[in-house]
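Worksheet: one structure, shown below.
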Ligand SMILES: *Cc1c(COP(=O)(O)O)cnc(C)c1O
């Protein structure tokens, strides 16, 4: 027997979420963002599960694009961070990887390489100020790319505040982008991360780029994935390996920072920050056992955490505890840990086997 701590991956839920993204995008086509090992779900299985629906994949770097090819997938793969060295351009051409070129160095690499046949996008910086060319630089950039013009598929920008429905930054970025690319109506445009799919009236143009929503977690501040019609894809579960009753005045775990104020039946669960469960999730973070919601007690250890079994008197050693999934959304756990679902899903460590359904 092995330790039954695992991440169940529901590929049917993944497809449901992709279809939801595609339906919210309307005429826009959605490319499936599968970077960071498919947001921790396993890039090969996620990629294969979406092969019939996604016209393109998007990843951060060329290693991830190779993983999709190794999984037998032939669709174009957009490299959202471009290439990291000039030598990678030849591989992009041969493999159908489509880098997003975002800075002058990358233009020089392309010029130096001199070969045609590479397809690429250009990144426009509309206010995120991570990567991309300023809007006013675009005419010069496109002119410089004249010898490679056949490979220029279109323009990409990325939103800084799309997760916040109260912020007007996305509208400003959208207007800035639309004005910047207006001189090239024949080229494609791509602006939308997951959050943009939920913003009323947000134009998504030709290609959207949903990531987190495919995995069932929420892209919006203050909302959970299920509230947005998304289905959780990952269920992180671990066995209850001990139970005991602590007496009033006794503490649990490192730092002894949770002290029972009455007799409390508690259990130990075989999962911890060594598995990617967030150490910042403290007492009262929700979990579930046998479909019932319970709460964490005290500090998360590397390989274990404690739960309060008062709400689940029938629970016993050997029962499976859901850390997040169908009953407790990863968004709730993330909120308790002061982070976002993205970080929890991508942070599940290699020690946790992914089991696919
Ligand atoms: C990661 C990423 C996305 C997907 O964002 P989500 O919020 O996960 O939907 C889209 N575009 C770019 C440029 C990205 O880096």
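The values are calculated or read from the model by the stated rules, or taken from the named source; none is laboratory data. Bear in mind that the values here come from a model prediction, so they are computed numbers and not experimental data. Counting neighbours? That spans all protein chains shown, and the Cβs are built from the backbone with ideal geometry, glycine included.
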task: From 237, 186, 243, grab the single residue that is over 19 Å from the mean Cα position of the chain (by Cα) and part of a loop (DSSP other than H, G, I, E, B).
output: 186
query: Of all residues in region 32-44 being in a loop (DSSP other than H, G, I, E, B) and within 13 Å of the ligand (Cβ to nearest atom), which is farthest from residue 330 (Cα to Cα)?
result: 34
task: Only helices (runs of 4 or more DSSP H) wholly contained in region 45-155 count here; list those with 3 or more residues that are touching a residue at least 40 places away in the same chain (Cβ under 8 Å).
output: 138-144
message: Can you pull out every residue in region 189-231 that is within 9 Å of the ligand (Cβ to nearest atom), closer than 17 Å to residue 16 by Cα and in a loop (DSSP other than H, G, I, E, B)?
response: 194, 209, 210, 211, 217, 219
- line: Considering residues that are out of contact with any helix residue (DSSP H, G or I) (no Cβ under 8 Å at 6 or more places or on another chain) and touching a residue at least 40 places away in the same chain (Cβ under 8 Å), the number found within region 257-276 is 11
query: Are any residues in region 317-357 surrounded by fewer than 16 Cβ atoms within 10 Å (Cβ to Cβ) and assigned to a loop (DSSP other than H, G, I, E, B), and if so, which ones?
result: 317, 318, 338, 339, 349, 350, 351, 353, 357
- request: Enumerate the pairs (first residue in region 324-348 and in the same structural domain as residue 302 (by TED's automatic domain parsing) and closer than 11 Å to residue 277 by Cα; second residue anywhere and assigned to a helix (DSSP H, G or I) and more than 16 Å from the ligand (Cβ to nearest atom)) with beta-carbon separation below 6 Å, excluding pairs fewer than 6 apart on the same chain, so at least 6 apart or on different chains.
  value: 324/333
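Residue under question is residue 73, and the condition is that it be closer than 19 Å to residue 31 by Cα and in contact with a helix residue (DSSP H, G or I) (Cβ under 6 Å, 6 or more places away or on another chain); does it hold?
Spelling it out, residue 73 is indeed closer than 19 Å to residue 31 by Cα and in contact with a helix residue (DSSP H, G or I) (Cβ under 6 Å, 6 or more places away or on another chain).
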task: Those residues that are out of contact with any strand residue (DSSP E or B) (no Cβ under 8 Å at 6 or more places or on another chain) and either assigned to a strand (DSSP E or B) or closer than 21 Å to residue 349 by Cβ (or both), I need them from region 277-310; list them, please.
output: 278, 279, 280, 292, 300, 301, 302, 303
- prompt: Tally time: how many residues in region 128-152 are under 18 Å from residue 203 (Cβ atoms) and either more than 22 Å from the chain's Cα centre (by Cα) or surrounded by 18 or more Cβ atoms within 10 Å (Cβ to Cβ) (or both)?
  reply: 1
task: Test residue 13 against the stated conditions and say whether it is under 18 Å from residue 233 (Cα atoms), within 15 Å of the ligand (Cβ to nearest atom) and in a helix (DSSP H, G or I).
output: no
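Can you confirm whether residue 210 is out of contact with any strand residue (DSSP E or B) (no Cβ under 8 Å at 6 or more places or on another chain) and either surrounded by fewer than 22 Cβ atoms within 10 Å (Cβ to Cβ) or not assigned by TED's automatic domain parsing to the domain that holds residue 342 (or both)?
So residue 210 fails the test.
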query: Of the residues in region 77-103, how many are within 14 Å of the ligand (Cβ to nearest atom) and either within 11 Å of residue 65 (Cα to Cα) or not assigned by TED's automatic domain parsing to the domain that holds residue 158 (or both)?
result: 6
